[in-house]
Amino acid sequence: MKINIWKLLLVAMVVPAVMGACKDDRNNYMVDDSISYVDSDGTWEESKGYFTVPVYDEKYVFPVVKNGKGLSSTTVRLEASESALAAYNTANETNYVALPENCYTFETKQLSFSKDDIRKFATITWDMSAVAALDPDTDYVIPVQLVSSASDVPVSEDRSLMLLNLQLADVSMALLESGTTSIQNGAFVYNGNVSLSVPVSTMDVEVKYTVDTDPALVEAYNAANGTSFEVASEGFASMSAASSVIKAGETTAPFGCQLNLNELTSSIDKLDNGVLVPVRITSATSGVNVATEVLYIPVKNGVVKGPWTLLEGENLCYGLDPNETAEWAKKYTADKLFDGSSEVDHEWISLFKTQNVFPLTFVVDMGAAHIFTNFIISDYSTHQGNYRDYELYVAEEYNGADTEWTLVAKGMRDYHWTGKPTDYDFPVQKLSAGRYLKFQIMKAEYDMSAGDFQYGRGKLGDVYGEGL
């Protein structure tokens with residue numbers, strides 16, 4: 001191919017001329033520079049510029065940013081503005097009050113941004129003791145206003161005022177939502193946490209408490225809640241320790257309220273109505289508010305049932321009978337004895353084509369400690385009455401064959417033919433606390449050598465109880 005040299009020269013001259021005539025408008029789509037507080041996590045709009053800061057650090061460091069094209073330098077001042085706070089209160093229907101100026105100091109009074117600067121940090125400090133001495137029922141804030149000294153670099157109207165609430169920690173008590181009860185040193189314990197609303201980074205917080213035996217507390221609780229709880233007898237309950245310590249920087253520490261089993265036994269007739277145990281916070285480390293002075297622990301009989309976790313006895317069921325191959329039989333598993341339901345298809349059937357060897361032993365983990373006052377054995381419409389002789393044990397800890405079991409109930413339960421699923425009470429002879437339950441079927445009641453009951457067959461619905 002033949003190339004015309006004059007055409008190449010012409011192109012070489014035209015291209016630079018065209019490029020020189022093009023204007024650089026790469027900033028046309030960027031906003032002009034402005035100053036504002038940061039909203040990188042999207043919380044500013046939700047909080048409307050109001051933020052709580054733990055009072056204990058006595059310092060708050062926060063960023064201020066310059067947004068936009070980055071073509072301007074500027075200086076911005078930080079000041080407390082009561083007029084801006086008044087406008088905020090009017091716009092948001094709030095009643096915040098400016099924190100007295102003698103309580104805090106602007107360590108950073110102005111920030112200078114060059115054209116290339118994007119972010120600067122400012123610091124405010126305060127006297128914790130001065131803040132703690134103020135009226136706790138007044139909503140004090142530091143109204144930190146950004147003011148620009150350059151008219152060409154404005155402050156964002158939406159993020160120019162930040163309200164800092166210097167918050168003292170509130171301490172409260174509550175029972176755990178799960179695993180509420182346990183056994184400690186042989187005592188039945190209600191477990192909970194003392195909690196702080198905000199962490200205290202500068203010191204440990206000690207919270208002291210006691211069981212309050214004043215009957216007026218129970219009377220007032222019953223009147224307010226329409227209940228009929230009984231007053232605890234002297235010595236019925238006590239705290240596992242005199243106090244709890246929340247470590248610096250953390251927000252919770254455990255506590256325990258333990259029951260005296262001897263007193264519980266003598267108060268057994270009260271448990272249907274329930275016994276109310278008030279626990280009072282008597283003091284907390286200086287600089288911490290007590291939000292909830294009294295926690296009420298109801299000690300009341302209730303239904304205690306599964307689903308519980310089966311630990312032993314898995315193979316003692318029709319579903320795993322080595323001489324049964326039918327698929328429909330597989331649903332009759334041993335965990336159905338403790339699944340918390342007596343409905344159809346939730347029944348358990350023992351080995352059906354294989355000889356049962358007694359006693360049939362099942363062990364379950366109930367997930368929390370319980371004290372039983374009565375057991376309930378749910379019989380099914382078929383094979384009724386074949387299993388009536390039982391022993392039940394509880395244990396604090398499970399160690400397989402080395403578990404130390406306490407016998408709490410034994411003997412023959414009542415029985416009469418009903419032809420339909422029927423629940424039978426099975427009384428407890430000894431109150432004892434335990435997380436683990438052992439259920440034993442001691443024998444079959446009918447001739448195991450002939451008829452429908454050969455092999456010691458039987459069927460039950462659910463094993464559960466009443467108690468704490």
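Kindly work out what percent of the DSSP beta bridges joining two residues of the chain are antiparallel, to the nearest 5. List each step's numbers first, then the result.
Working: 103 of 116 bridges.
About 90 percent, rounded to the nearest 5.
Longer than 29 Å from Cα to Cα, which of K270/K410; K208/K305; K300/K438 are they? Say none if no pair is.
Cα-Cα > 29 Å for K208/K305; rest within.
Please compute the Kirkwood hydrodynamic radius of region 70-216 from all pairs of different C-alpha atoms, in Å with one decimal.
19.7
Please report, in cubic angstrom per residue, the volume enclosed by the convex hull of the alpha-carbon atoms of region 347-468. Walk me through the numbers before you get to the answer.
Working: hull volume 12.5 nm³, N = 122.
Per-residue hull volume (Cα only) is 102 Å³.
For a distance above 15 Å, tell me the whole-number percent of Cα pairs in region 178-262 that qualify. Can you show the working numbers first?
On the way: 2377 of 3570 pairs.
Percentage above 15 Å: 67.
Where nothing but the Cβ of Lys and Arg (+1) and of Asp and Glu (-1) is charged, how large is the charge dipole of region 331-468 around its Cα centre, in debye to the nearest 20?
Result for region 331-468 is approximately 320 debye, rounded to the nearest 20.
Restricting everything to alpha-carbon atoms, can you work out Rg to Rh for region 228-270 with a Kirkwood hydrodynamic radius?
Details: Rg = 14.7 Å, Rh = 12.6 Å.
Dividing the radius of gyration by the Kirkwood radius yields 1.17.
If N is the number of residues in region 37-89, what value comes out of its Cα radius of gyration divided by 2.2 N^0.38 Å?
Working it through for region 37-89, the quotient is 1.41.
For region 278-328, with the dipole built from +1 on Lys and Arg beta-carbon atoms and -1 on Asp and Glu ones, taken about the Cα centre, which of T325, T282, L295 lies farthest toward the positive end?
Looking along the dipole axis, the top candidate is T282.
Taking 8 Å as the Cα distance limit and 6 or more residues as the minimum spacing, I'd like the relative contact order of region 204-338 as a percentage.
24
Return a whole-number percent for the relative contact order of region 65-127, with Cα pairs under 8 Å and 6 or more residues apart as the contact set.
It rounds to 48 percent for region 65-127.
For the chain, give the magnitude of the charge dipole about the Cα centre (Cβ charges: +1 Lys/Arg, -1 Asp/Glu; no others), in debye to the nearest 20.
1680
What is the sum of charges, Lys and Arg at +1 and Asp and Glu at -1, for the other residues whose Cβ falls under 9 Å from the Cβ of P421?
-3
Can you give the relative contact order of the chain as a percent, counting alpha carbon pairs under 8 Å and 6+ residues apart?
12
Hey, any idea what % of the chain's accessible area is carbon plus sulfur with a 1.4 Å probe?
Values: 11830 of 24210 Å².
C and S atoms contribute 49 percent here.
Note down the Stokes-Einstein diffusion coefficient of region 353-419 in µm²/s, whole number, using a Kirkwood radius over alpha carbon pairs, 25 °C, and 0.890 mPa s.
Values: Rh = 14.4 Å.
The estimated diffusion coefficient comes to 170 µm²/s.
With a 1.4 Å probe and all protein chains left in place, how much accessible area per residue does the chain have, in Å²?
It amounts to 52 Å² per residue over the chain.
Between A401 and A87, what FRET efficiency comes out of the Förster formula 1/(1 + (r/R0)^6) with R0 = 60 Å and r the beta carbon distance, rounded to 0.05?
So the FRET efficiency works out to roughly 0.20.
Just to confirm a number: summing +1 for Lys and Arg and -1 for Asp and Glu over residues other than T94 whose beta-carbon lies under 10 angstrom from that of T94, what do you get?
Numbers: positive: K48; negative: E93, D139.
Summing Lys/Arg as +1 and Asp/Glu as -1 gives -1.
Please list the radius of gyration and Dmax for the chain, considering alpha-carbon atoms only, with Å as the unit.
Cα radius of gyration and Dmax of the chain are 36.6, 120 Å respectively.
How far, in nm, would the chain grow between D423 and A291 when pulled straight, counting 0.36 nm per residue and subtracting the alpha carbon separation?
Length gained between D423 and A291: 42.9 nm.
Between E263 and D117, 0.36 nm times their residue separation minus their Cα-Cα distance comes to what?
Contour length minus the Cα-Cα distance gives 45.3 nm.
Around A395, under 13 Å between beta carbons, what's the net of Lys plus Arg minus Asp minus Glu among the other residues?
-4
Given a Förster radius of 51 Å and the C-beta distance between T325 and A174 as r, what FRET efficiency does 1/(1 + (r/R0)^6) yield to the nearest 0.05?
About 0.45, to the nearest 0.05.
The values are calculated or read from the model by the stated rules, or taken from the named source; none is laboratory data. Remember, it's a predicted structure, so these values are computed and weren't measured experimentally. As a convention, Cβ positions derive from the backbone with ideal geometry for all residues, glycine included, and neighbour counts pool all protein chains shown. Heavy atoms of the whole protein, side chains included, go into the accessibility calculation; ligands, DNA and RNA do not. Shrake-Rupley method; radii C 1.70, N 1.55, O 1.52, S 1.80 Å.
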